[in-house]
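The values are calculated or read from the model by the stated rules, or taken from the named source; none is laboratory data. Keep in mind that what you see is a predicted model, and the values were worked out from it rather than measured. All Cβ positions, even for glycine, are placed from backbone atoms using ideal geometry, and neighbour counts span all protein chains on display. Only protein heavy atoms, including side chains, enter the accessible area calculation; ligands, DNA and RNA are left aside. Shrake-Rupley method; radii C 1.70, N 1.55, O 1.52, S 1.80 Å.
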Amino acid sequence: MIFKYNKLGVGFYKLLVLCCLTAFASLTSKGQNIGIGASGLYNFQTEGWGVGARLSINPNNRLSFVPQFSYYLPSNKVNEYYAGLSIEYKLYLAKKFHLYALMHGAYNSWLNYESSPMEDAQANNWNLEFGGGLTTNGCWRPFIEYRYNMNFKETHLQVGIMYILGCGSRSSHGICPAYH
Amino acid sequence: MKKYSALSLVMVLFSSLLIVACKKDRIEEPEEQPEAKTEYASADEYFDSKKTEEQEFVIENEDGTDPITGKEGTKIYISKNCLEFPNGDTVGFPYTVKLVELYKPIDMVFWEMPTVSNSKILDTDGEVRVRAFKDGTELQLNGNCPVKVELPNTNPDPKMEVYLGEGSDPVNWVSTNTNFDTTYFGYSANINKLGWINVDKLPDPGVHTITYESDSAILTNVKIFIYFPSLGGVMQVYDQESYLIPDAYSIKTFCIAVDASKNLFYFNSDLTISSDVTLNVLLSPVTDPDLTTYLNGL
């Protein structure tokens, strides 16, 4: 699919801003409804390393919304960033960890597409990813995710940590109420 | 139970992701697909159309002493008294003598009659085939008398031996360990078996081979030959690898192919062999007159 940068780019940023506002609104009104995290990424096909940042809205619910940003460094063969939104569905809830499936839609800006041997390489792309992840249930939640990018037919591994805002306060006793 | 279902779902999901082919299109040059090689049709029909004619002589009496003389000058002295049917019956008049004369490389090529004996190239001064028929039945010599053949040559070599052809596709030349007599006419010998006769001697032993490959053609139906100008001999190449070739011999090798539309293609290379060689065959279109001119010029 080919999307015009101006239309979709602006549309996406609006969405991102909306998500952020929603997140902060939730943050100010309720504890533990927002998580913030950072991650490292490795794309197995482009052999590229990247860094990521994310918010998790309602991280303790079965369904979470996770706006996120990823950036593959200029030292890689592919230098690009992704800005998108994941929907995470918790499939298996254990006492100390949970397993989730995710779907992620993202705008992709491929910064050095001109140096790629790919025939139809272009700067602006729209990506859909499917994957799964594993994380813990504490205030600090290390996570690992593995995803498949339908557009580029690539997989990547993401390892990071998320902090649940408001977690550990007197009302929560350090354990997320969703898993009491 | 529900937990295990969820886990199974995750396993299936991940397995699916791993099964889906991933691509490195963004960082790797796409593998260049080799161009499909051209497959040629059989060239047998073309070769048959180019064969020098088999001459027929109907013998109605043997009153005189004149031999049968072919177009190229081959002389055959034959008598019905020397012939018999395969079952031993005697032969009456008229009977037919058939003669093929292959003195030029072009004729040896189109008849696919290489001058090779037990995988060794021969030094040759010509090949002939003499056969006799009565009412469509091929006759044989009865052992009472031989057939005398004379092959023309302006500079006959006394070391040349009588070789007889055995088998078919290809004929293998087998020495009779008998030398031809050299005369003012050329070569003369008495032959005890009708069929293919060759004037040959063995040159230096072969040591090198030529392997034929092609990036653009499937060589299965391509006819490949090697001509040895200093020997007058022709080697046909089967399965893309030559028999052993003597060291430091100059050769002319050529390939002939016909496509499904009966268009002609050829490749040729002149080289001196001093080691094993691999040739990349690149066939080019050629007209029948041009190919004939080339082969006549060998």
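Only strands (runs of 3 or more DSSP E) wholly contained in region B:139-240 count here; list those with 3 or more residues that are among the aromatic types (Phe, Trp, Tyr), closer than 29 Å to B:ALA41 by Cα and not assigned by TED's automatic domain parsing to the domain that holds B:LYS98.
Once the strands (runs of 3 or more DSSP E) in region B:139-240 are filtered for at least 3 residues that are among the aromatic types (Phe, Trp, Tyr), closer than 29 Å to B:ALA41 by Cα and not assigned by TED's automatic domain parsing to the domain that holds B:LYS98, what remains is B:223-228.
Count, please, the residues in region A:130-155 that happen to be of a type in the set (S, T, N, Q), open to solvent by 20 Å² or more (accessible area, probe 1.4 Å) and away from every other protein chain (no Cβ under 12 Å).
1
Considering only region B:278-291, how many residues are open to solvent by 30 Å² or more (accessible area, probe 1.4 Å) and touching a residue at least 12 places away in the same chain (Cβ under 8 Å)?
7
Working carefully through the options B:SER261, B:SER275, find the one that is assigned to a loop (DSSP other than H, G, I, E, B), without any contact (Cβ under 8 Å) to a residue 40 or more places away in the chain and open to solvent by 40 Å² or more (accessible area, probe 1.4 Å).
Of the residues listed, the single one that is assigned to a loop (DSSP other than H, G, I, E, B), without any contact (Cβ under 8 Å) to a residue 40 or more places away in the chain and open to solvent by 40 Å² or more (accessible area, probe 1.4 Å) is B:SER261.
Within region A:28-59, work out how many residues are modelled with pLDDT under 90 and surrounded by 15 or more Cβ atoms within 10 Å (Cβ to Cβ).
3
Would you check if B:ARG26 is basic (Lys, Arg) and free of Cβ contacts under 8 Å to residues at least 40 places away in the same chain?
Answer is yes for this residue.
Tell me which residues, restricted to region B:75-99, are within 23 Å of the chain's Cα centre (by Cα) and surrounded by fewer than 21 Cβ atoms within 10 Å (Cβ to Cβ).
B:LYS98, the sole residue that qualifies.
Look through region B:59-74, keep the residues that are open to solvent by 50 Å² or more (accessible area, probe 1.4 Å) and modelled with pLDDT of 95 or more, and return whichever of them is nearest to B:GLY143 (Cα to Cα).
Here the residue is B:THR69.
Which of the residues that make up region B:136-148 are in contact with a Pro (Cβ under 9 Å, 6 or more places away or on another chain) and open to solvent by less than 50 Å² (accessible area, probe 1.4 Å)?
Answer for region B:136-148, where residues must be in contact with a Pro (Cβ under 9 Å, 6 or more places away or on another chain) and open to solvent by less than 50 Å² (accessible area, probe 1.4 Å): just B:LEU139.
The rows are residues; the columns are (1) out of contact with any Asp or Glu (no Cβ under 7 Å at 6 or more places or on another chain); (2) surrounded by 15 or more Cβ atoms within 10 Å (Cβ to Cβ).
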site	(1), (2)
B:TYR187	no, yes
B:VAL199	no, yes
B:ILE210	yes, yes
B:ASP215	yes, no
B:GLY233	no, yes
B:SER242	yes, yes
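How many of the residues in region A:31-88 are free of Cβ contacts under 8 Å to residues at least 40 places away in the same chain, within 14 Å of chain B (Cβ to nearest Cβ) and in contact with a Lys or Arg (Cβ under 6 Å, 6 or more places away or on another chain)?
Residues meeting the conditions: 2.
Please go through region A:91-129 and pick out each residue that is surrounded by 15 or more Cβ atoms within 10 Å (Cβ to Cβ), within 12 Å of chain B (Cβ to nearest Cβ) and part of a strand (DSSP E or B).
Of everything in region A:91-129, those that are surrounded by 15 or more Cβ atoms within 10 Å (Cβ to Cβ), within 12 Å of chain B (Cβ to nearest Cβ) and part of a strand (DSSP E or B) turn out to be A:LEU91, A:TYR92, A:LEU93, A:HIS98, A:LEU99, A:TYR100, A:ALA101, A:LEU102, A:ASN108, A:TRP110, A:ASN125, A:GLU129.
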